[in-house]
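Single-structure report; data block below.
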Amino acid sequence: MLRLNDIIEIVKSYHPQADLDLIHKAYVYSAKVHAGQVRQSGEPYLSHPLEVAKILAELKLDEASICTGLLHDTIEDTLASAEEIKQLFGNDIAYLVEGVTKLSQIKFQSSEEKLAENFRKMLVAMSRDIRVLLVKLADRLHNMRTLQYMKPEKQEAIALETMEIYAPLANRLGIGWLKIELEDLSFKYLKPLDFKDLREKIGKTKRDRTKFIDEVSYEIRHALSSSDMIDFDVSGRPKHLWSIYRKMVDKSLSFEDIHDLIAFRVLVGTIGQCYEALGHIHAMWRPIPGRFKDYIAMPKPNGYRSLHTTLIGPRGERVEIQIRTRDMHEVAEKGIAAHWKYKEEGGVPILVSDVADKGFLWLRQLMDWQRDLKDPNEFLDSVKVDLFAEEVYIFTPRGDVIELPRGATPVDFAFAIHSNVGTHCLSAKVNNRMVTLRHLLENGDTCEIVTQKNQQPKKAWLAFVKTSRARTKIRAILRQVEREKSLEIGRELLEKEFRRYGTTLQKWTKSPEIEIFFKQHKYRTLDETLIAIGYGKLDTKAVIEGILPDEARIAPQAEAKKSRLSQLFDQVARRSNTGIKLEGIEDVLVHYAKCCSPVKGDPVIGFITRGRGLTIHRRNCPKIMELDSERRINVSWDTNSTLLRPISIRVITDDRGGMLSEISTVFTKMNINISEANCKTFGDGQAINTFKCSVADLDQLKKVIKMLEAIKGVHSVERARSKE
Ligand code: MN
């Protein structure tokens, strides 16, 4: 078992003035409260907090973090209390231990909603003190290293959680080695057969690979030293298993087809030397276009800086090389932990981070966006996307760089600049060329957004936006628009219902009756009530009954019979026969457009009119283009309805006797009544016959057209458009 001294030695090596007594005290306390407990492996429980503390020491963290490592399981698994830890070790350590304890209670759930909720809490906890997360990551790493002692079903769940949550977090914090180890350990338990297979294959080719590494390293060294470079280190090592496996799966390659198993690394002293070394290497071997990446000029959001290039090497194989300074390498390996510095404050050295704010930018952004979210599942989508996507860097016309996930579009870019830019985004130019809003942005593109004041987000945008920020904002605005539409529809319906009783809504708006109604119902204001009506959650009749006294409700009903309005309301009342179903909306006044005269089965679309309810057009009706697209809503046919719809059929025939009777026989056979027939001849032997009739649905219409076409002497049959 690891000894405390092993840890103390590491701490002294980077932090000579550390409060070693405090660490010792934490160790003694942990040993006392965990006494008698045993891990699944059979080892004393204390071995686990010791290992965790060692990982934290390797990350060069402060003594509070090391103590937290030693104490992290005491509150959860022993009789120790938070209060006791506060008394013994102070507020700082007690806060951290409690933070880790809270994180440990968060378990990866199969139910996505729960996961999202928990994840959110976790993020909140993390952003308060990064050390909580670092201790949790160290804890997870040791648990993964000893996962073989757990039951198989637990192994898989823990490995999945590690792969989905903790490895990406390690990556976000820029701790390269930790991410790699967590991924490979998870891989081992998630895909045991593939893992074993790949490890064996790599083992078999080891000799060949060592030779290859030596050969390539030698050539790089030779090229650099013959160009008078002195200060450099060259090394090569196999990439980690999970990254090789991912590549095989993503690109459907077999192991034999993967040629860049090795990552070569050149470490130098200064940034200038990075580019110098790159130049010499590019002069020696041919670089592969599109594979050079300059993460020095544009660091990754987790702080990673390096030059990446891929070349055709001495054996004609791909050689991948990373070039960076030793400082950059330190950051690449230790991430956020590499930025911890010890500063003297009042004679006491304390640990501060110079990138704490930078490193947390993404977390803070996530939390900002989270505020707009209602549905936890939306949040989960958002977080997953943001954690896993790679970044692209896009320039604004002014030359600022905006970081976006790969696959981002001009709409994402617009929302990243400012909500208002996104909201009113009309069109986009990329590198001075007009592009569609769904255009995929690529690294280094310059993007310019054209806005227009009354432009609003479209539902279709949700299908292609990539960032959670854009998605969240678009959803929020769409919801608002939907609310306004429902309010309008609701007002329309309720006003009509009032008029039906010979009064107006306005007369009752300030009445005591309506106040009482609001007090008794869950809809507390007129707007809320109208929205509920518009959404179809509330019946207008219930509102009328709640507000109008009995006398007012009976009397005028009889008088209203003959008016045009009452006819319209009858149509509403027989809503099962309006033929149209609206998502979430019932009881809407429905009209069918005369221009295109839709029948059941036609693809249709609805337009909210002012004061006349909903007008239904066929989707291919040219008139749609003239109508305000903001007032458009999706509708579908009510399959249960048996509504007959009037249409016109135009039949061009030979001008001969008996034609009309043959045609009318078809209509009779199909059980269709002709309400009007109009026949014209033009003296050229042809006749145009227009029939007005009512059909039940598109199938019936198609059938009758087919039968008419089959009549000898019929040239064409078509559904006529009205000229109105
Ligand atoms: Mn633990």
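The values are calculated or read from the model by the stated rules, or taken from the named source; none is laboratory data. What you see is a predicted model, and the numbers here were worked out from it, not measured in a lab. Quick reminder, even Gly has a Cβ in these numbers, built from the backbone with ideal geometry, and neighbours come from all protein chains shown. Areas reflect the complete protein model, heavy atoms only, side chains present, ligands, DNA and RNA absent. Shrake-Rupley method; radii C 1.70, N 1.55, O 1.52, S 1.80 Å.
Each label was represented as a point 7 Å from its Cα along the Cα-to-Cβ direction; for residue 710 and residue 91 these points are 9.0 nm apart. In this structure the amide hydrogen of residue 638, modeled in the peptide plane, comes within under 5 Å of the amide hydrogens of 580, 581, none closer than 5 places in sequence on its chain.
Here region 25-46 is scanned for amide nitrogen atoms under 14 Å from the site 7 Å beyond the Cα of residue 5 along Cα-to-Cβ, giving none.
Among 321, 688, what's the order by accessible area (1.4 angstrom probe), most exposed first?
Numbers: 321 0, 688 55 Å².
I get 688, 321, largest accessible area first.
Cα centroid separation, region 487-523 to region 160-216: 67 Å.
Each residue of region 3-16 was assigned a 3J(HN,Hα) from its phi angle through the Karplus curve 6.51 cos²θ - 1.76 cosθ + 1.60 (θ = phi - 60°); the sequence is 10, 4, 4, 4, 6, 4, 4, 5, 4, 4, 5, 10, 9, x Hz, with glycine and proline shown as x. Remark: region 497-514, residue by residue, has Karplus-estimated 3J(HN,Hα) of 4, 5, 4, 4, 9, x, 9, 10, 4, 4, 4, 9, 4, 9, 6, x, 4, 6 Hz, where x stands for each Gly or Pro and the curve is 6.51 cos²θ - 1.76 cosθ + 1.60 at θ = phi - 60°. Close amide H partners of residue 633, meaning residues 5 or more places away or on another chain with modelled amide H under 5 Å apart, are 606, 607, 608. Computed from the C-beta positions of residue 718 and residue 639 and an R0 of 30 Å, the FRET efficiency is 0.70 to the nearest 0.05.
Taken as Cα centroids, region 398-463 and region 1-50 sit 53 Å apart, rounded to the nearest whole angstrom. Checked against a 18 Å cut-off, the cross-linked pairs 196/251; 459/485; 201/239; 54/191; 60/334; 510/537 give Cα-Cα distances beyond that limit for 196/251; 54/191; 510/537. Couplings for region 454-469, taken from phi via the Karplus curve 6.51 cos²θ - 1.76 cosθ + 1.60 with θ = phi - 60°, read 9, 6, 10, x, 9, 4, 4, 4, 4, 6, 10, 6, 10, 8, 5, 4 Hz in order; Gly and Pro are left as x. Please give the length that would be gained between residue 288 and residue 420 if that part of the chain were fully extended, namely 0.36 nm times their separation in residues minus their C-alpha to C-alpha distance (nm, one decimal). Gain in length upon complete extension: 43.4 nm.
Length available on full extension from residue 520 to residue 550: 0.36 nm per residue minus the Cα-Cα distance, which gives 9.0 nm.
Could you calculate the FRET efficiency of residue 191 with residue 318 from 1/(1 + (r/R0)^6), where r is the beta carbon distance between them and R0 is 22 Å, rounded to 0.05?
According to the calculation, E is roughly 0.30.
Once the C-beta distance of residue 43 and residue 17 is scaled by a Förster radius of 30 Å, the resulting FRET efficiency is 0.35 to the nearest 0.05.
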